[in-house]
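Only the coordinates and a few stated rules stand behind these numbers; no lab work does. Everything numeric in this text was worked out from a predicted model, so none of it was measured. Here Cβ is always computed from backbone atoms with ideal geometry, including for glycine, and neighbour counts include all displayed protein chains.
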Ligand SMILES: NC(=O)c1ccc[n+]([C@@H]2O[C@H](COP(=O)([O-])OP(=O)(O)OC[C@H]3O[C@@H](n4cnc5c(N)ncnc54)[C@H](OP(=O)(O)O)[C@@H]3O)[C@@H](O)[C@H]2O)c1
């Protein structure tokens, strides 16, 4: 079963997400307080965002072998809430298996070395494989549900991970905190970094669920994603009725 997916993001009015010039004194609260009101079994972030929370040390990996290492690993742990990271090459290193009160799950591709997997096992960090070289995000969600009983996932950014799930059509809801700021930095990250240029993809349509004024002049806007019916290709001649002679 696919878990329900809510993407939560804090942006300037021009959709930018990097807070470098925003000058907020307590910037975490604007993201975290609304996020904490979204009931979810897991939050999920991209590798870049998770590196803020993972180990800053460079660990030495052992040279190890063993087929079992290359299977999904559900570590023994006591938490039933999770911090999931999309980390295809295994760049996040760990000194433990928790971020705050959440148990860490690494989402990997088969590109990772046995030494890295051994490092994860030594720290009792869970991991799943989501593809050989590229990730199949639908498969990743299925595994999170099946192996960890995750029914609702909150995607917490950054722009690339949000964009990847948007492009794959896997987001059910968007929770947008709009900060009263116009950023204007050209080429700075926006909430959804899905692909360059105008391709065949259509923008995702949304249905407004609620709008709430928070922290005096912020807006918390919640949308449902409108699920488009797959378009059926017209077969030439189909549907035409034969003229009566
Ligand atoms: N305002 C907000 O709401 C908010 C929230 C979170 C973060 N942020 C900010 O956003 C910035 C980081 O955003 P970001 O877009 O650069 O990084 P990100 O989304 O956190 O991480 C991107 C990385 O995740 C991996 N990844 C994501 N999707 C993938 C896919 N479909 N397949 C394979 N790999 C995938 C790749 O890792 P590899 O490069 O290792 O292949 C990719 O480079 C930070 O400045 C952070 O502070 C803002």
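Numbers below:
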quantity: Three-way shape label, the chain, alpha-carbon gyration tensor, a/c 1.5; calculated: oblate
quantity: Length released on extending from residue 196 to residue 226, taking residue separation times 0.36 nm less the Cα-Cα span; calculated: 8.5 nm
quantity: Ranking of 92, 7 by count of other Cβ atoms within 10 Å, fewest first; calculated: 92, 7
quantity: Segments 58-67, 156-165 sorted - mean Cβ within 10 Å per residue, highest first; calculated: 156-165, 58-67
quantity: Which of 4, 119 has the fewest Cβ neighbours within 10 Å, and the rest in rising order; calculated: 4, 119
quantity: R0 of 30 Å, Cβ-Cβ distance residue 27-residue 121: FRET efficiency to nearest 0.05; calculated: 0.30
quantity: Cα gyration tensor shape of segment 42-150, rounded if a/c is under 1.5, else prolate or oblate by comparing a/b with b/c; calculated: rounded
quantity: Ordering of 209-216, 147-154, 17-24 by packing [mean C-beta count within 10 Å, highest first]; calculated: 147-154, 17-24, 209-216
quantity: Contact order relative to length of the chain, as percent, for alpha carbon pairs under 8 angstrom and 6 or more apart; calculated: 28 percent
quantity: For the chain, share of DSSP beta bridges that run antiparallel, in % to the nearest 5; calculated: 40 percent
quantity: Which of 41, 217 has the fewest Cβ neighbours within 10 Å, and the rest in rising order; calculated: 217, 41
